[in-house]
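All remarks here apply to the structure that follows.
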Amino acid sequence: MAASNLSTLCSSSHSKPSFPFFNTQSFSVNTNTLFLNTTTNSFQTLLSHSTRYTLPLPCTKTTNTFASFNDDEKPREECGVVGIYGDPEASRLCSLALHALQHRGQEGAGIVAVDNNVLHTVNGVGLVSDVFDETKLSQLPGSCAIGHVRYSTAGHSRLCNVQPFVAGYRFGSVAVSHNGNFVNYRSLRAKLEDNGSIFNTTSDTDVVLHLIATSKHRPFLLRIVDACENLKGAYSLVFLTEDKLVAVKDPFGFRPLVMGRRSNGAVVFASETCALDLIEATYEREVNPGEVVVVDHTGIQSLCLVTHPEPKQCIFEHIYFALPNSVVFGRSVYESRRKFGEILATESPVECDVVIAVPDSGVVAALGYAAKAGVPFQQGLIRSHYVGRTFIEPSQKIRDFGVKLKLFPVRGVLEGKRVVVVDESIVRGTTLSKIVRLIKEAGAKEVHMRIACPPIVGSCYYGVDTPSKEELISNRMSVEEIREFIGSDSLAFLPLDTLKRLLEDDAPNYCYACFSGKYPVQPEELKTSNLNEFDWDDALNGSLKSIENEGWVRNQEGVSENKIVSV
């Protein structure tokens with residue numbers, strides 16, 4: 001960032017915006033254009049283009065009808081985010097990157113691109129391929145874009161909750177994509193509503209834009225800092241303005257966010273490196289906990305949001321969420337899962353004839369188990385990829401066929417065999433009991449379950465959709481009771497202490513709250529039993545005054561190493 005811009009950044013205007021931000025997302029229209037005009041009030045700008053907008057309809061509660069048989073047993077990541085700066089095909093690259101991150105959210109997708117001081121938005125409910133085609137992408141010109149795929153943990157599956165969110169405020173406009181959950185969302189929203197803010201969504205991300213709009217600081221970067229000081233929980237955020245792309249990670253670094261670069265110099269941010277690989281961007285590094293990375297026409301500036309504590313990165317990224325070909329928190333996901341399986345074979349061996357996996361999440365750990373045990377790995381369960389989101393279960397009798405529709409046993413592999421089945425986790429246990437029964441019905445002589453993570457005893461409040469504590473089977477039953485419940489001949493989990501030893505020096509940098517019940521950031525609101533009613537995110541402390549006094553924003557020449565991270 002040029003030095004001439006820094007004095008402007010560090011100066012602050014104490015003239016508070018006179019109105020809350022206006023959310024440009026529309027419930028009934030999924031393509032919007034927001035005209036930016038920094039010399040006139042954004043409210044007047046919006047009024048002058050009112051024919052382009054329809055007011056959001058009230059969000060009514062809906063039922064998630066497509067969380068069926070197998071996938072409803074697994075914890076689910078909230079979303080995946082992408083940001084691209086400096087590529088003429090930014091929106092198309094963004095859509096490709098979102099395809100790579102589709103596993104992180106299948107309920108909605110959106111892209112915002114900026115061109116000639118105009119923010120263009122396309123979003124919709126469904127998969128990336130459902131939302132974007134050539135016609136839609138042609139509506140997203142420009143060399144800068146951000147994108148989002150959603151699985152709802154805070155807010156429901158409605159168009160009004162599909163990100164990126166776009167907002168106009170006194171000094172311009174901003175779009176944001178968010179991965180994580182705020183643990184103090186409800187209290188923040190109540191306070192903002194008391195001060196006159198109007199919310200058009202039920203997503204916790206909405207509060208970020210309100211906090212930015214109501215900040216007393218004029219420079220956008222300081223508005224972000226001001227907003228983040230009010231947030232508690234987990235967040236990886238990408239912002240897009242008329243001239244900047246900004247990436248922010250919470251001080252604990254709960255959720256992943258990586259930075260890469262394409263051969264033409266375009267800068268890319270994404271939740272996982274698999275997205276970088278698809279669009280031929282070279283992985284450079286993970287965005288650090290508590291870091292703000294600003295990209296504009298002057299280059300890249302890396303700033304320290306606050307002095308961050310010991311990182312608490314989500315261990316479940318390595319257990320389940322991330323794709324095996326990704327590098328997350330500096331570690332290969334594939335290698336992590338393979339080692340988890342090796343540990344199970346070493347610490348919980350059993351006489352067996354074949355090792356199989358619950359597809360697709362248990363495959364890599366099963367390969368590690370089989371290699372270490374010296375037993376063949378075979379494909380004993382075949383997963384159908386044509387059943388899932390569109391399957392509606394009209395009755396309990398039909399619902400009981402769920403696992404059989406999703407997984408097909410291979411009798412030739414299982415019949416008469418002592419089978420080790422590897423899966424990555426047990427949440428409620430109901431689906432796994434059906435899988436064990438399915439394998440035995442196919443003729444298996446014995447079924448031994450091996451779980452490539454410790455027992456899950458606590459809900460997650462940091463961007464992972466898990467049931468309430470009371471619904472978690474490991475919180476209610478012993479290992480032997482769980483074994484009896486699922487009907488297997490033996491059951492073993494990956495020991496937590498062994499998992500930490502595997503991570504070696506990095507072990508203190510991970511969050512194990514779902515295994516221990518010890519939360520790095522204490523949730524302020526209790527989790528509900530309904531899987532669609534989570535409202536949470538990440539923690540920040542510190543004051544803007546101290547940031548300003550200590551020279552939080554300076555040029556590269558005059559900043560100490562603990563303030564600026566080289567890019």
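The values are calculated or read from the model by the stated rules, or taken from the named source; none is laboratory data. Here the structure is a predicted model, which means the values were calculated and not measured. For neighbour counting, all protein chains shown are included, and Cβ atoms are generated from backbone atoms with ideal geometry for every residue, glycine included. Heads up: the accessible areas ignore ligands, DNA and RNA and are worked out on the full protein's heavy atoms, side chains in. Shrake-Rupley method; radii C 1.70, N 1.55, O 1.52, S 1.80 Å.
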Accessible area (Å², 1.4 Å probe, nearest 10) - Ser384: 20 Å²
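As an exercise, use a Förster radius of 25 Å and the Cβ-Cβ distance of Gln102 and Glu280 to find the FRET efficiency, rounded to the nearest 0.05. Please report the intermediate quantities before stating the final value.
On the way: r = 18 Å, r/R0 = 0.74.
That gives a FRET efficiency of 0.85.
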Furthest towards positive pole of dipole, Ser95, Ile212, Ser138, structure part region 79-309, Cβ charges: Ile212
Region 79-309 - Debye-derived log10 I(q)/I(0), Cα point model, q = 0.09, 0.13, 0.16 Å⁻¹: -0.31, -0.68, -1.07
In order through region 100-112: 3J(HN,Hα) via Karplus (6.51 cos²θ - 1.76 cosθ + 1.60), integer Hz, x for Gly, Pro: 5, 9, 4, 5, 8, x, 10, 9, x, 8, x, 9, 10
His297-Ser468 pseudo-label distance in nm [points 7 Å out on the Cα-to-Cβ vector]: 5.4 nm
With all protein chains modelled, accessible area of Arg411 [1.4 Å, Å²]: 120 Å²
Cα→Cβ-extended label distance, 7 Å offset, between Arg418 and Asp497, nm: 2.8 nm
Glu193 accessible area, 1.4 Å probe, all protein chains in place, Å² to nearest 10: 80 Å²
Gly253 long-range amide H proximity, modeled H, under 5 Å: Gly290, Lys312
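Using the Cα gyration tensor of region 261-310, with a ≥ b ≥ c the square roots of its eigenvalues, what is the shape: rounded (a/c below 1.5), prolate (a/b larger than b/c) or oblate (neither)?
Details: a/c = 3.55, a/b = 1.46, b/c = 2.44.
Taking the square roots of the gyration eigenvalues as a ≥ b ≥ c, region 261-310 is oblate.
Given contacts defined as C-alpha pairs under 8 Å and at least six residues apart, what's the relative contact order of region 79-309, whole-number percent? Before the final figure, lay out each step's value.
On the way: 575 pairs, mean separation 48.5, N = 231.
In percent, rounded to a whole number, it is 21.
Shape of region 405-509 from its Cα gyration tensor (a ≥ b ≥ c, root eigenvalues): rounded if a/c is under 1.5, otherwise prolate when a/b > b/c, or oblate?
Values: a/c = 2.17, a/b = 1.64, b/c = 1.32.
Because a/c hits 1.5 or more and a/b exceeds b/c, region 405-509 counts as prolate.
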Rough spin-label spacing in nm, given labels placed 7 Å along Cα→Cβ, for Asn475 and Asn195: 3.3 nm
Sequence of Val457, Val464 when ordered by accessible area, the most exposed leading, probe 1.4 angstrom: Val457, Val464
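Kindly provide the trypsin sites (Lys or Arg not before Pro) of region 437-474 that DSSP labels as loop, not H, G, I, E or B, and whose Cβ sees at most 14 other Cβ atoms within 10 Å. It would help to have the intermediate numbers written out before the result.
Numbers: sites: Arg437, Lys440, Lys445, Arg450, Lys469; in loops: Lys445.
In loop regions of region 437-474 (DSSP not H, G, I, E or B), the sparsely surrounded trypsin sites (Lys or Arg not before Pro) are Lys445.
Count the lysine pairs in region 79-309 whose Cα atoms sit under 22 Å apart, keeping only pairs 8 or more residues apart in sequence or on different chains. Present the calculation step by step, with values, prior to reporting the outcome.
Values: Lys191/Lys216; Lys191/Lys232; Lys216/Lys232; Lys216/Lys244; Lys232/Lys249.
Lysine pair count for region 79-309: 5.
Specify whether the C-alpha gyration tensor of region 109-241 places it in the rounded, prolate or oblate class, a ≥ b ≥ c being the square roots of the eigenvalues: rounded for a/c under 1.5, otherwise prolate if a/b is larger than b/c and oblate if not. Each step should come with its number before you reach the end.
Values: a/c = 2.08, a/b = 1.34, b/c = 1.55.
Taking the square roots of the gyration eigenvalues as a ≥ b ≥ c, region 109-241 is oblate.
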Per-residue ³J(HN,Hα) for region 327-333, Karplus 6.51 cos²θ - 1.76 cosθ + 1.60, θ = phi - 60°, Hz, x for Gly and Pro: 10, 10, 6, x, 10, 5, 5
